[in-house]
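The values are calculated or read from the model by the stated rules, or taken from the named source; none is laboratory data. Just so you know, these numbers come straight off a predicted model, no measurement behind them. Neighbour counts run over all protein chains shown; Cβ positions are idealised from the backbone, glycine included. Just so you know, the surface numbers come from the protein's heavy atoms only, side chains and all, with ligands and any DNA or RNA stripped out. Shrake-Rupley method; radii C 1.70, N 1.55, O 1.52, S 1.80 Å.
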Amino acid sequence: EQDVEERLENLRGQMATWEPVDRPVKMADMVTLKAKGEIEGRTLLNESDGVHFLDEDGTRPFPGFSEELVGMAADEPKSFTLTVPDDFGDDAIFGKEASFSVTVTEIKERALPDLDDEFAKGIGDGYESLQALRESTQEELNSEARERADHEYREKAVGALLGATEVELPPLI
């Protein structure tokens with residue numbers, strides 16, 4: 001049952017849409033922004049309508065960039081600096097300070113569809129109901145588990161045969 005729920009949640013994630021919101025930026029939002037980034041007068045980033053997905057583990061354009069955007073409101077500029085980490089690709093800028101000027105122009109959050117009969121009708125060729133989608137998902141998971149078990153069994157059988165078999169090769173070979 002837990003595997004079925006996980007699979008359905010994955011499907012919901014695939015069918016999600018991005019909808020504009022009127023609030024400050026939060027992690028996992030998608031923002032449109034104007035951004036300029038420089039190191040010692042050298043332009044590293046210059047976007048007028050850049051789209052950025054806020055991810056805690058994100059490294060684009062630099063680690064920590066997403067965290068700096070959290071809490072920003074639309075159309076309010078912000079300036080900040082980030083230190084370029086030593087493992088960031090370009091030896092010439094390791095350890096240097098990157099200065100950024102950013103204005104978020106649009107904030108969107110991910111909207112997951114409701115898990116209902118209408119959702120089920122929109123999946124693949126469509127299902128009559130959410131219950132039919134659940135049953136189909138259960139059958140798929142069972143089939144995948146059987147295939148995995150069959151594959152593992154064959155691998156073990158071949159391994160056992162090879163372990164018990166001796167082959168004498170002629171000296172010429």
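Residue count for region 88-101 under the criterion of being surrounded by 13 or more Cβ atoms within 10 Å (Cβ to Cβ) and under 24 Å from the mean Cα position of the chain (by Cα): the result is 1.
Can you tell me which residues in region 9-19 are out of contact with any Leu (no Cβ under 9 Å at 6 or more places or on another chain) and exposed (fewer than 14 other Cβ atoms within 10 Å of the Cβ)? Walk me through it before giving the result.
Quick first cut of region 9-19, residues out of contact with any Leu (no Cβ under 9 Å at 6 or more places or on another chain) only: 10, 14, 18-19.
Answer for region 9-19, where residues must be out of contact with any Leu (no Cβ under 9 Å at 6 or more places or on another chain) and exposed (fewer than 14 other Cβ atoms within 10 Å of the Cβ): Asn10, Gln14, Glu19.
Taken over region 68-109, residues that are within 15 Å of Ala35 (Cα to Cα) and outside any loop (DSSP other than H, G, I, E, B) amount to 18. Pairing residues of region 108-135 that are under 29 Å from Asp29 (Cβ atoms) with residues that are of a type in the set (A, V, I, L, M) and open to solvent by 70 Å² or more (accessible area, probe 1.4 Å), at Cβ distances under 8 Å and at least 6 apart in sequence or on separate chains, gives Leu112/Met15; Pro113/Met15; Phe119/Met15; Gly122/Met15; Ile123/Met15. Is at least one residue of region 135-145 open to solvent by less than 40 Å² (accessible area, probe 1.4 Å), under 30 Å from Ile39 (Cβ atoms) and out of contact with any helix residue (DSSP H, G or I) (no Cβ under 8 Å at 6 or more places or on another chain)? Checked region 135-145: no residue is open to solvent by less than 40 Å² (accessible area, probe 1.4 Å), under 30 Å from Ile39 (Cβ atoms) and out of contact with any helix residue (DSSP H, G or I) (no Cβ under 8 Å at 6 or more places or on another chain).
Residues in region 20-27: is at least one open to solvent by 50 Å² or more (accessible area, probe 1.4 Å) and within 18 Å of the chain's Cα centre (by Cα)?
Of all residues in region 20-27, those open to solvent by 50 Å² or more (accessible area, probe 1.4 Å) come to 20, 22-24, 26-27.
Cutting the leftovers down to within 18 Å of the chain's Cα centre (by Cα) gives us 26-27.
Within region 20-27, one or more residues are open to solvent by 50 Å² or more (accessible area, probe 1.4 Å) and within 18 Å of the chain's Cα centre (by Cα).
Residues in region 110-123 include at least one that is at pLDDT below 90 and in a loop (DSSP other than H, G, I, E, B).
For region 64-87, the set of residues classified as surrounded by 17 or more Cβ atoms within 10 Å (Cβ to Cβ) and touching a residue at least 24 places away in the same chain (Cβ under 8 Å) consists of Phe65, Ser66, Glu68, Leu69, Met72, Ala74, Val84, listed by residue number. Count of region 28-45 residues, restricted to those that are under 12 Å from Thr103 (Cα atoms) and either open to solvent by 60 Å² or more (accessible area, probe 1.4 Å) or of a type in the set (Ser, Thr, Tyr) (or both), is 3. For Ala132, the conditions (1) within 29 Å of Glu38 (Cα to Cα); (2) at pLDDT below 95; (3) among the hydrophobic types (A, V, I, L, M, F, W, C) are fulfilled apart from (1). Kindly indicate whether Glu6 is open to solvent by 40 Å² or more (accessible area, probe 1.4 Å) and closer than 30 Å to Ser143 by Cβ. Yes. Condition test on Asp57, is it within 18 Å of Leu82 (Cβ to Cβ) and assigned to a loop (DSSP other than H, G, I, E, B)? For Asp57, the condition - within 18 Å of Leu82 (Cβ to Cβ) and assigned to a loop (DSSP other than H, G, I, E, B) - is met. For Asp49, indicate whether it is part of a strand (DSSP E or B) and closer than 28 Å to Glu19 by Cβ. Yes; evaluated as a whole, the condition is true for this residue. Considering the conditions (1) of a type outside the set (Lys, Arg); (2) within 21 Å of His52 (Cβ to Cβ); (3) open to solvent by 70 Å² or more (accessible area, probe 1.4 Å), Thr105 is excluded by exactly one of them, (3).
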